[in-house]
Amino acid sequence: MIFNSLQFFAFFPAVTVIYYILPQKVRYLWLLAASYFFYMQWDASYALILLFSTLVTYIGAIVIQKLRDRQTGDKPDIRIKLCLAAGIILNLGILAYFKYADFVIDNLNTFASCEMKRLDLILPVGISFFIFQTTGYLIDVSRGDMKAEKNPLKYALFVSFFPQLVAGPIERSKKLLAQINEKHVFSLDQTREGLVLMLWGYFLKLCIADRAALFINTVYGDYETYSGWYLIVASVLFAFQIYCDFAGYSIIAMGAAKVLGFSLMENFDAPYTSASVAEFWRRWHISLFSWFKDYLYIPLGGNKRGTFRKYLNILIVFFCSGLWHGSQWTFVIWGLLNGFYQIVGELTSPFRKMVSDKLGIREDSIGNRCFKAVITFILVDISWVFFRIDALRSSVPVFSSMIHAKNFWIFTDGSIYEAGLNDKNFTVLIICLIVLAVYDLIKRKGIVLREVIFAQDLPIRWLIYLALILFIFVFGIYGSNFSEAGFIYFQF
Amino acid sequence: MKNRIKRGAGCVCFLGLTTLMLYGTSKLLESKKAVVKYHEFYDCDTDIDVIFMGTSHMYNSLLPQELWDEYGITSYNWGYSNCTLPEDYYILQDIVKEHKPKVVVVDIFGLFEYEKYVNGKYRDDRIEQQHVQFDMIPPSLNKYRAMNDVFGPYEGKWDFMFDFLMYHNRWEKLKEPDFEPEYSTEKGAEYLKGVGDDAEYYRAQEFEQLEFNTVCAGYIQPIADFCSENDIELLYVFNPCLTNVENINAAYSLDSYMEEKGIAYYNALYLEEISSVTDFCSDSDHLNYSGAVKYTRRMGDVLKEQYGIEDHRGEEGYASWDESYARYLEYKIQNIQETENVHDVLMLSADDDFKVNLQFDPSCSFALEDTRFVALVQNLGSSIEVIPVNDLKYEENSCQILITVMNSETGEIVAQQGYAVGDDGPARL
């Protein structure tokens, strides 16, 4: 069941209405049942994996908590570390098995001339997300950042909470578990905010991401025919497709959670307005990168052990991030490239500052910020090509085609409108991207647009809501004329 | 508390506004094919005594307006291309809520050719046709059952319940007819305007008795049961058409099959008055207008004599049928005026509403020797006056054939076309 399906439009209102009708004490049980039902719509057997991860980390946390409670003195109990290690190995082991077993086999067969048979495992949807979420919880308990949750069903809800189960945001236990224990009262304002968030998420997903996909899939599906400038346009659009697809999902998740009285963390903060790759990674998939920062980068020493170690740690984090996204070398290269960008960015920072000073370019001038944002976008978009291609061997012909692009006439003779998106749909896409750009620029200024809307008079508010609903209804890419497009990040 | 009620009322108003807005938008965006075809059914203010259902062999072959004009029988044609018996079964259950007929006539063509969607055997080219059949039917439990039974695991089946899923992206195709649809005057039918088919209208001398154990055949009895429960007479027909051996065998095998089941069946596959020279459409195995008129008369006789369907002409309350027929007559005249082909003009004029004056140059061999031309002239019977004229002219141009079509009631000329006959045959001047 995906957010842009008829089933979800029947499921979500029903769950919400019953949730608020039930007594407070049992509401979490209802949410737990609904979350498992939601997850099992993909495949009922996936629930076993979810349950296993839940049990392992629940028991692990309880044991660690008991050991912490009995601990005397400052010397850390080695058993806590052993328990933590066992929990992490078991938990991440599930992820490793489902996600990387065939990758390892393929590489052994290719590079070590083995003849091992592939397992052809199907990756349970959302596994990368909930495994990281539970692992983070276990580490938090071992650090004493929070107490282990004793109620197994409340903990199970923390792991399986359906708005964020399959594609994040990867919530921190401190924040979400606390909310499960809180009282939630129905509030019209909260519901309104949640629904408006969901509307915006659907706009991003259905009007931008899925529309752009029609062109991108055509071009990348046959890049020998659709070469040169087709590929350049498709690659630029892919940056927006993946942003709107993923951000759209996260925002729908935030909105759905808000309706139920829960607050999820923001996962994207106008990333394409970033002036550097480092800043981009503070604004993109915030929950994942903050997870890596807190649970990998800092334990490795962060930037506290010298410059070389810092750069190595960055590469390790981005290597792991690449692998997290997928078990293919394209994702690893994507990750390493982004790590490399940050290292080079930092190394060249003094030189760039010197050049700016010499040229009299002010750091905070609009021109300078736009220039940096464009460069950052180009660098990030180059890395997205590795994200999009099916196999590493495609990277050379794809990049070569883009570098040697000569077919600029596709913009003047109308050919560009014959690659999956006609002229009318291209126009709609550009309008949507302009709206997105304005929204993100406003957001960067610290303005929360929905609060501005909520402050308007009723007729204006209603006009805006109705216009957005109508726009999605008419221009959204859904229905049988287009296959129900899943969210890109579901594959992780 | 007051504030809560106020806000609650506000939510309800907003939901109502949203619903209206989306409903209106979906009506604007939806394909108008179904609306054009069935508007007069839902708009009809009288009883409809006969409903015709089935495939294109019903859609193109039985003309309710001709049935009204010559027999005073009120009817509607719910046939459409590739419409299967499973679909007819569910459609019937919904449309009788609107107008319960005395007789339902169901075309039984395609028992072996069509399957409902089962195990991925769906034909994408039929989706649009099935939408024409189902779009006007409002969401109901019956429609939900139809959706699951007929469309099975087809991923777009929910489009039939909520057609905005299918049509919402028609925004880029909107044209004037979407804002002001021109409703069909043919009461659900559509007669075919071409003539000419080289296939033989075969009369079977013997046939192979077939077994009927297909999916489609499985709905013969359920339709019969539904009609029986609702006090509706059912007549299955095999309409005149040019078809393959399997269908010919089916048409004749059904005689005994239906007799055993006690279900009324009319094997009209071969009718003597129908000619393959004049009455079938070019590039098609379907009856054209001339053939459809003849078959409609045959069906009119059956309905009047065997089912006692009343003649409502002149009755109070049925004036709308005369008004509708007047619009239909204008439509027929327009078709004749727009037709280029000389054969088609003669074929379309084969109707009691028209008289034809045919003048031809006696030296024109085409007029005397072209088999189809001669047959079409004979087809008009006493409605045509044939006059050889030397130095024939049309609008000061020389021509070899001049056809004048007149309204048989008023004598008014409704169309006049002159043809110059060259090596490539007649060309309209």
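The values are calculated or read from the model by the stated rules, or taken from the named source; none is laboratory data. Predicted, not measured: the structure shown is a model, and the values here were computed from it. As a convention, Cβ positions derive from the backbone with ideal geometry for all residues, glycine included, and neighbour counts pool all protein chains shown. Each accessible area value is taken on the protein alone, full model and side chains, heavy atoms only, with ligands, DNA and RNA left out. Shrake-Rupley method; radii C 1.70, N 1.55, O 1.52, S 1.80 Å.
Within region B:303-360, restricting attention to residues that are over 28 Å from B:GLN417 (Cα atoms) and aromatic (Phe, Trp, Tyr), which residue is most open to solvent (accessible area, probe 1.4 Å)?
Only one residue tops the list, namely B:TYR307.
Restricting attention to region B:177-207, and to residues there that are open to solvent by 30 Å² or more (accessible area, probe 1.4 Å) and within 19 Å of B:ARG327 (Cβ to Cβ), which single residue is farthest from the other protein chains (Cβ to nearest Cβ)?
B:LYS193
Please work out which one of (1) within 12 Å of another protein chain (Cβ to nearest Cβ); (2) farther than 18 Å from B:LEU28 by Cβ is the condition B:ALA146 fails and give its number.
That leaves (1) as the condition not met.
Residues B:ASP163, B:ASP159, B:ASP149: which one is at pLDDT below 90, closer than 26 Å to B:ASN230 by Cα and of a type in the set (Asp, Glu)?
Unique residue meeting the criteria: B:ASP149.
Quick check on my filter: what residues within region B:158-194 are in contact (Cβ under 8 Å) with a residue 24 or more places away in the chain and among the charged types (D, E, K, R)?
If the condition is that a residue be in contact (Cβ under 8 Å) with a residue 24 or more places away in the chain and among the charged types (D, E, K, R), then B:ASP159, B:ASP163, B:ARG170, B:ASP178, B:GLU182, B:GLU186, B:LYS187, B:GLU190, B:LYS193 are the ones that fit.
Given the conditions (1) of a type in the set (Val, Ile, Thr); (2) within 21 Å of the chain's Cα centre (by Cα); (3) open to solvent by less than 10 Å² (accessible area, probe 1.4 Å), and given that A:VAL219 satisfies all but one, which numbered condition is not satisfied?
Just one mismatch for A:VAL219, condition (2).
Would you pick out the residues in region A:375-408 that are more than 22 Å from the chain's Cα centre (by Cα), under 21 Å from A:LEU336 (Cα atoms) and not polar (S, T, N, Q)?
Selection gives A:ILE375, A:LEU392, A:ARG393, A:VAL396, A:PRO397, A:VAL398, A:PHE399.
Looking for something of a type in the set (S, T, N, Q), more than 17 Å from A:THR273 (Cα to Cα), in the same structural domain as A:VAL233 (by TED's automatic domain parsing) and at pLDDT 90 or above - is there at least one such residue anywhere in region A:368-381? First the steps, then the outcome.
So in region A:368-381, the residues of a type in the set (S, T, N, Q) come out as A:368, A:376.
Next, from what is left, pick out any that are more than 17 Å from A:THR273 (Cα to Cα): none.
No, every residue in region A:368-381 fails to be of a type in the set (S, T, N, Q), more than 17 Å from A:THR273 (Cα to Cα), in the same structural domain as A:VAL233 (by TED's automatic domain parsing) and at pLDDT 90 or above.
Any idea which of B:GLU211, B:GLU190, B:GLU200 is more than 27 Å from B:ARG297 (Cβ to Cβ), assigned by TED's automatic domain parsing to the domain that holds B:PHE109 and out of contact with any strand residue (DSSP E or B) (no Cβ under 8 Å at 6 or more places or on another chain)?
B:GLU211
(1) modelled with pLDDT under 95; (2) closer than 23 Å to B:GLY72 by Cβ: which one isn't true of B:TYR252, the others all being true?
That leaves (2) as the condition not met.
Condition first: touching a helix residue (DSSP H, G or I) at 6+ places or on another chain (Cβ under 8 Å), farther than 15 Å from B:VAL106 by Cα and open to solvent by less than 40 Å² (accessible area, probe 1.4 Å). Now tell me which residues in region B:244-280 satisfy that.
Those that are touching a helix residue (DSSP H, G or I) at 6+ places or on another chain (Cβ under 8 Å), farther than 15 Å from B:VAL106 by Cα and open to solvent by less than 40 Å² (accessible area, probe 1.4 Å): B:LEU271, B:ILE274, B:SER275, B:THR278, B:ASP279, B:PHE280.
Quick test for you: out of A:GLY168, A:GLY144, A:GLY73, A:GLY93, pick the one residue that is assigned by TED's automatic domain parsing to the domain that holds A:ALA34 and in contact with a Phe, Trp or Tyr (Cβ under 6 Å, 6 or more places away or on another chain). Quick ask: steps written out before the conclusion?
On the way: A:GLY144 fails: in contact with a Phe, Trp or Tyr (Cβ under 6 Å, 6 or more places away or on another chain); A:GLY73 fails: in contact with a Phe, Trp or Tyr (Cβ under 6 Å, 6 or more places away or on another chain); A:GLY93 fails: in contact with a Phe, Trp or Tyr (Cβ under 6 Å, 6 or more places away or on another chain).
The unique qualifying residue is A:GLY168.
Report every pair of residues separated by at least 6 positions or lying on different chains whose Cβ atoms are under 6 Å apart, first residue within region A:401-412 and outside the structural domain of A:ILE389 (by TED's automatic domain parsing), second not small (Gly, Ala, Ser).
Cβ pairs passing all conditions: none.
Return the total of residues in region B:386-413 being out of contact with any Ser or Thr (no Cβ under 9 Å at 6 or more places or on another chain) and either exposed (fewer than 14 other Cβ atoms within 10 Å of the Cβ) or not aromatic (Phe, Trp, Tyr) (or both).
Qualifying residue count, region B:386-413: 19.
Just a yes or no: is a residue in region A:467-478 open to solvent by 30 Å² or more (accessible area, probe 1.4 Å), at pLDDT below 95 and within 13 Å of chain B (Cβ to nearest Cβ)?
Within region A:467-478, one or more residues are open to solvent by 30 Å² or more (accessible area, probe 1.4 Å), at pLDDT below 95 and within 13 Å of chain B (Cβ to nearest Cβ).
Yes or no, residue by residue, for (1) in contact (Cβ under 8 Å) with a residue 60 or more places away in the chain; (2) surrounded by 14 or more Cβ atoms within 10 Å (Cβ to Cβ); (3) not polar (S, T, N, Q):
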{"position": "A:LEU32", "(1), (2), (3)": "yes, yes, yes"}
{"position": "A:ALA44", "(1), (2), (3)": "no, no, yes"}
{"position": "A:VAL63", "(1), (2), (3)": "no, yes, yes"}
{"position": "A:LEU67", "(1), (2), (3)": "no, yes, yes"}
{"position": "A:ILE78", "(1), (2), (3)": "no, no, yes"}
{"position": "A:LEU84", "(1), (2), (3)": "no, yes, yes"}
{"position": "A:ILE88", "(1), (2), (3)": "no, yes, yes"}
{"position": "A:LYS99", "(1), (2), (3)": "yes, yes, yes"}
{"position": "A:ASP106", "(1), (2), (3)": "no, yes, yes"}
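So which of A:LEU204, A:LEU195, A:LEU188 is open to solvent by 10 Å² or more (accessible area, probe 1.4 Å) and at pLDDT 95 or above?
A:LEU195
Can you find even one residue in region A:412-426 that is out of contact with any Phe, Trp or Tyr (no Cβ under 9 Å at 6 or more places or on another chain), within 20 Å of A:ASN338 (Cβ to Cβ) and either within 14 Å of chain B (Cβ to nearest Cβ) or open to solvent by 40 Å² or more (accessible area, probe 1.4 Å) (or both)? Please lay out each step first, then the result.
Taking region A:412-426 first, the residues out of contact with any Phe, Trp or Tyr (no Cβ under 9 Å at 6 or more places or on another chain) are A:412-414, A:418, A:422.
Then drop every residue that is not within 20 Å of A:ASN338 (Cβ to Cβ), which leaves none.
No, because not a single residue in region A:412-426 is out of contact with any Phe, Trp or Tyr (no Cβ under 9 Å at 6 or more places or on another chain), within 20 Å of A:ASN338 (Cβ to Cβ) and either within 14 Å of chain B (Cβ to nearest Cβ) or open to solvent by 40 Å² or more (accessible area, probe 1.4 Å) (or both).
If you go through region A:181-194 one residue at a time, how many are under 23 Å from the mean Cα position of the chain (by Cα) and of a type outside the set (D, E, K, R)?
Filtering region A:181-194 down to residues under 23 Å from the mean Cα position of the chain (by Cα) leaves A:193-194.
Next, from what is left, pick out any that are of a type outside the set (D, E, K, R): A:194.
Selection size over region A:181-194: 1.
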